[in-house]
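Peer 1: Handing you this structure, nothing more for now.
The values are calculated or read from the model by the stated rules, or taken from the named source; none is laboratory data. A quick note: this is a predicted structure, and the numbers were derived from the prediction, not measured. Note: ideal-geometry Cβ built from the backbone for every residue, glycine included; neighbour counts use all protein chains shown. Accessible surface is based on the protein model in full, side chains and every heavy atom, while ligands, DNA and RNA are left aside. Shrake-Rupley method; radii C 1.70, N 1.55, O 1.52, S 1.80 Å.
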Amino acid sequence: MSERLDAGRVLRAAAPHALLGTVRDHLAAVYGATSVRLYLTDYGGTVLSPCDDSSGDEDAPLLPISGRAEGRALGSQERREQQVPRGDAIDHHLPVTVRGDRIGILTVRLPGDRSTPAVLDELRQVVDQLGHEILVAERDTDIYQRVRRVSRLTLAAEMQWQLLPARALHATRLLPAALVPGAVLRDVAEYRAVETLDDALVLRFDWFGGGHD
């Protein structure tokens, strides 16, 4: 069994709240990773919020997306572009993305001699599996939503966020890519993509009485 398929199997077997610990153990055992950290994009799309179930540090700093290697990796979606030397090791900032929706960044520290193009291609498959499993796990745990919620929301705003579509979608014939701060601006947007049609429908409603577009 390939390392990629094995990663998918162990992630699917993991408890919903233990995905990070599972992928950390797998990358350490298979690739010799000495550090694995997960950062999730906040609701506003301005910072990366740390999700680390091993440190127990609830006050770990938020990382601004602007001006950092992690943010550049998130924006460019290039898995080989952002590599930061750390002595004899290298930090690789790998975008965690599901169908065009940018969920966050997985930072993996590998020994320099293990940081080969072939290994990075395999890590790309691992982060793709991790992204899908995070979305599935959100049905059973709220830990990933709490990490992304860096400021308090009202109950109504939280419910509205759950009703919004993904902030981006990469489909065969179209690529909606936008940030919709619905709960912040008190309006809501929705798009519908139909593969058999040449058009996409995008609606925006203003709860303050301005109508819709």
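Peer 1: How about the range 131-178: which of its residues are within 13 Å of the chain's Cα centre (by Cα), modelled with pLDDT of 85 or more and outside any helix (DSSP H, G or I)?
Peer 2: Result: Glu138, single match.
Peer 1: Taking the residues in the range 125-153 that are open to solvent by less than 50 Å² (accessible area, probe 1.4 Å) and small (Gly, Ala, Ser) as candidates, determine which candidate is farthest from Pro16 (Cα to Cα).
Peer 2: Filtering first and then ranking leaves Gly131.
Peer 1: Do we find that Ala28 is modelled with pLDDT of 85 or more and open to solvent by 40 Å² or more (accessible area, probe 1.4 Å) in this structure?
Peer 2: Working: modelled with pLDDT of 85 or more: yes; open to solvent by 40 Å² or more (accessible area, probe 1.4 Å): yes.
The answer is yes for Ala28.
Peer 1: Still on this model: Condition first: farther than 16 Å from Val23 by Cβ, modelled with pLDDT of 70 or more and open to solvent by less than 30 Å² (accessible area, probe 1.4 Å). Now tell me which residues in the range 48-61 satisfy that.
Peer 2: Of all residues in the range 48-61, those farther than 16 Å from Val23 by Cβ come to 48-49, 56-61.
Now narrow it down to the ones that are modelled with pLDDT of 70 or more: 48-49, 61.
Hits for the range 48-61 are Leu48, Ser49.
Peer 1: Looking only at residues that are polar (S, T, N, Q) and in contact with an Asp or Glu (Cβ under 8 Å, 6 or more places away or on another chain) in the range 79-124, which one is most open to solvent (accessible area, probe 1.4 Å)?
Peer 2: Narrowing the range 79-124 to residues polar (S, T, N, Q): 82-83, 97, 107, 115-116.
Within this subset, residues satisfying the condition of being in contact with an Asp or Glu (Cβ under 8 Å, 6 or more places away or on another chain) are 82-83, 97, 107.
Working: Gln82: 21, Gln83: 72, Thr97: 20, Thr107: 14 Å².
Among residues in the range 79-124 that are polar (S, T, N, Q) and in contact with an Asp or Glu (Cβ under 8 Å, 6 or more places away or on another chain), the one most open to solvent (accessible area, probe 1.4 Å) is Gln83.
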